[in-house]
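The values are calculated or read from the model by the stated rules, or taken from the named source; none is laboratory data. Fair warning: this is a prediction, and the values are worked out from it, not measured in the lab. Positions of Cβ are generated from backbone atoms using ideal geometry, with glycine treated the same way; all protein chains shown enter the neighbour counts.
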Amino acid sequence: MRPTSLTRHLATIGILASSLIGCHQPVRSASTVTPTYTATDSSLATHGLPDWYQDGKLGIFVCWGLYSVPGWARGSGKTLQEILATGDGTEWFANNPYAEWYLNSLKVNGSKTQAYHRATYGETFAYDDFIPEFNTASKAWNPSEMATLFADVGAAYVVLVTKFHDGFLLWPSRTPNPHRSNYAAQRDIVGELTSAVKARGMKMGFYYSSGLDWTFNAQTITNFPTLFTAVPQGPAYSAYIDAHWRELIERYDPSILWADIGSPAAFDPRPLFADFYNRNNAGVVNNRHKMGMVNGQVSSPVHFDFTTPEYQVLDTITTQKWESVRGIGLSFGYNRTENVAEFLSVDDLVDTFVDIVSKNGNLLLNVGPAADGSIPDGQQTRLRGLGEWYRVNREAINGTRAWTTAQATTTTGERVRFTTKAGAVYLLLLDTPRTTQVTIAGLPLPAVAAMTAVSDGKNIAFSYSNGRLTFDAATSAGPAHAYRVR
């Protein structure tokens, strides 16, 4: 049985025992002495994962650009991982559910996007003709309100799309696009959101499409093989992306460099990483600066701090830090055709978040603002629901690490996830208990001394023997409860 409202019952239990020391999953810790990095794999490999990224667990991804004006995609209803498992992606690219891919979908003959565009805007209306409307609409955007929402949800960091595959820039670059005039937002969206995010104590990160830029290479992408042949090659594009990354770092001082679709064969990101770390030792880079696909998974031949499975949750704990990136629906960019009823429910969103954290992951949850920068109500409802749960159960998430095992099942079938922190093990129930007495067997603990509620510190009755824990749990509808066992 699962509740259907925001008052879902996701119980969190903490177990404290002196014998748990050493049960944390090993991770590279940031050094207390700032080293000097060089552009070699061996030097970059010494970079430790900073505590803020390990501890924060939740990031918000903001996918906003020219594609937000039409805000239209009609996909097959399948996730990227489902498509990867079934073929070369021809079906996917013909009817791409990612609305931010509007320009490419528009060029696929016979696609639903092409038919929609011609019916709505006419045969002669070009993608670049969306620029005036975007600049007009974005005047209404309030970066302070956006950043406040993210902070209220409990995000530790924000990642903004600064340039997507269409090449349109969200900041006034000193290195403008050589193939399009005035191909940038009139507002300094990057700078304004960065200031608002940092003012609220969150870290700022930048997504930048290093691998694709359809103003440099207009090849229509129709399947996954052509995804990589569409990467612009040659020194001009390599110099262009290097100049942009360095400008973003120097001007806005980000904490995350989040690249996508790799980069030209001749582009070496190692010097960029070394300079970035020397400027900000607490910065992190993802695994898509150089990119290939192996069995449907991103494979990077150069250094990275975390991996980025897309619309995917890993099955087991991994020692390599990872970040699951996904939308609330099936699109990153704003898609006016999406059925809000098909979005992740708050229940499922919380379950997904907890499952990711229990396996040494972070969740990078996307929002797709409309052209005016407003976040649609359906997305806001999910964000606020997640934030409501997070405020009650933060102790069992923030600052935790993966335990020796990620999951279990109660004797009556409820799903359980585990995290650990400072000698404590937290038990998170993903389902409302069927009975007031909950039993979990097979726990690798020598003893349990006490059990308390995280939310109010009240003691909880329990018994424990030979790895079998039984405790009293509330089953009535109400705010989520959290418990700690000492």
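Table for the structure above
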quantity	calculated
Qualifying position, being touching a Pro at 6+ places or on another chain (Cβ under 8 Å) and either among the aromatic types (Phe, Trp, Tyr) or surrounded by 15 or more Cβ atoms within 10 Å (Cβ to Cβ) (or both), among Leu227, Leu248, Leu257	Leu248
Ala441 being more than 27 Å from the chain's Cα centre (by Cα), farther than 28 Å from Ser345 by Cβ, modelled with pLDDT of 95 or more and not assigned by TED's automatic domain parsing to the domain that holds Asp355	yes
Conditions (1) closer than 25 Å to Leu257 by Cβ; (2) in a loop (DSSP other than H, G, I, E, B): number failed by Asn182	(1)
Top-ranked residue of the stretch 293-305 - restricted to ones that are of a type outside the set (A, V, I, L, M) and part of a loop (DSSP other than H, G, I, E, B), ranked as nearest to the chain's Cα centre (by Cα)	Asp305
Verdict on Val425 being assigned to a strand (DSSP E or B) and either more than 30 Å from Trp72 (Cβ to Cβ) or modelled with pLDDT of 95 or more (or both)	yes
Residue within the stretch 66-81 that is touching a strand residue (DSSP E or B) at 6+ places or on another chain (Cβ under 8 Å) and under 30 Å from Thr420 (Cα atoms) present	yes
Total residues in the stretch 331-341, condition surrounded by fewer than 24 Cβ atoms within 10 Å (Cβ to Cβ) and either assigned to a strand (DSSP E or B) or touching a residue at least 24 places away in the same chain (Cβ under 8 Å) (or both)	3
The one condition in (1) in contact with a Lys or Arg (Cβ under 6 Å, 6 or more places away or on another chain); (2) farther than 22 Å from Val367 by Cα that Gln233 fails to fulfil	(1)
Considering residues of the stretch 263-292 that are within 22 Å of the chain's Cα centre (by Cα), over 20 Å from Met204 (Cβ atoms) and not polar (S, T, N, Q) only, the residue modelled with the highest pLDDT	Lys290
Some residue of the stretch 288-297 being among the β-branched types (Val, Ile, Thr), over 25 Å from Ala406 (Cα atoms), surrounded by 24 or more Cβ atoms within 10 Å (Cβ to Cβ) and without any contact (Cβ under 8 Å) to a residue 60 or more places away in the chain	no
The one condition in (1) at pLDDT 80 or above; (2) among the hydrophobic types (A, V, I, L, M, F, W, C); (3) touching a Leu at 6+ places or on another chain (Cβ under 8 Å) that Ala30 fails to fulfil	(1)
Qualifying residue in the stretch 306-317 (condition: over 13 Å from the mean Cα position of the chain (by Cα), in contact (Cβ under 8 Å) with a residue 60 or more places away in the chain and buried (at least 23 other Cβ atoms within 10 Å of the Cβ))	no
Scan of the stretch 94-151 for residues that are under 22 Å from Leu364 (Cα atoms) and part of a helix (DSSP H, G or I), ordered by number	Ala99, Glu100, Trp101, Pro143, Ser144, Glu145, Met146, Ala147, Thr148, Leu149, Phe150, Ala151
Residue count, the stretch 383-415 (criterion: buried (at least 17 other Cβ atoms within 10 Å of the Cβ), small (Gly, Ala, Ser) and more than 21 Å from Val438 (Cα to Cα))	3
Residue list for the stretch 55-78, restricted to those being small (Gly, Ala, Ser), in a loop (DSSP other than H, G, I, E, B) and closer than 17 Å to Trp171 by Cβ	Gly65
Residue in the stretch 177-196 that is under 17 Å from Pro254 (Cβ atoms), of a type in the set (Asp, Glu) and within 22 Å of the chain's Cα centre (by Cα) present	yes
Exclusive hit being in contact with a Lys or Arg (Cβ under 7 Å, 6 or more places away or on another chain) and in contact (Cβ under 8 Å) with a residue 24 or more places away in the chain, set Val357, Val392	Val357
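Residues checked against (1) outside the structural domain of Trp258 (by TED's automatic domain parsing); (2) on the phi > 0 side of the Ramachandran plot; (3) in a loop (DSSP other than H, G, I, E, B); (4) in contact with a helix residue (DSSP H, G or I) (Cβ under 9 Å, 6 or more places away or on another chain):
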position	(1), (2), (3), (4)
Phe206	no, no, no, yes
Ser210	no, no, yes, yes
Trp214	no, no, yes, yes
Thr220	no, no, yes, yes
Phe228	no, no, no, no
Gln233	no, no, yes, no
Tyr237	no, no, no, no
Ile241	no, no, no, no
Arg246	no, no, no, yes
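Yes or no, residue by residue, for (1) assigned by TED's automatic domain parsing to the domain that holds Gly368; (2) under 30 Å from Glu338 (Cβ atoms); (3) touching a residue at least 60 places away in the same chain (Cβ under 8 Å):
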position: Ala39; (1), (2), (3): no, no, yes
position: Gly48; (1), (2), (3): no, no, no
position: Trp72; (1), (2), (3): yes, yes, yes
position: Leu80; (1), (2), (3): yes, yes, yes
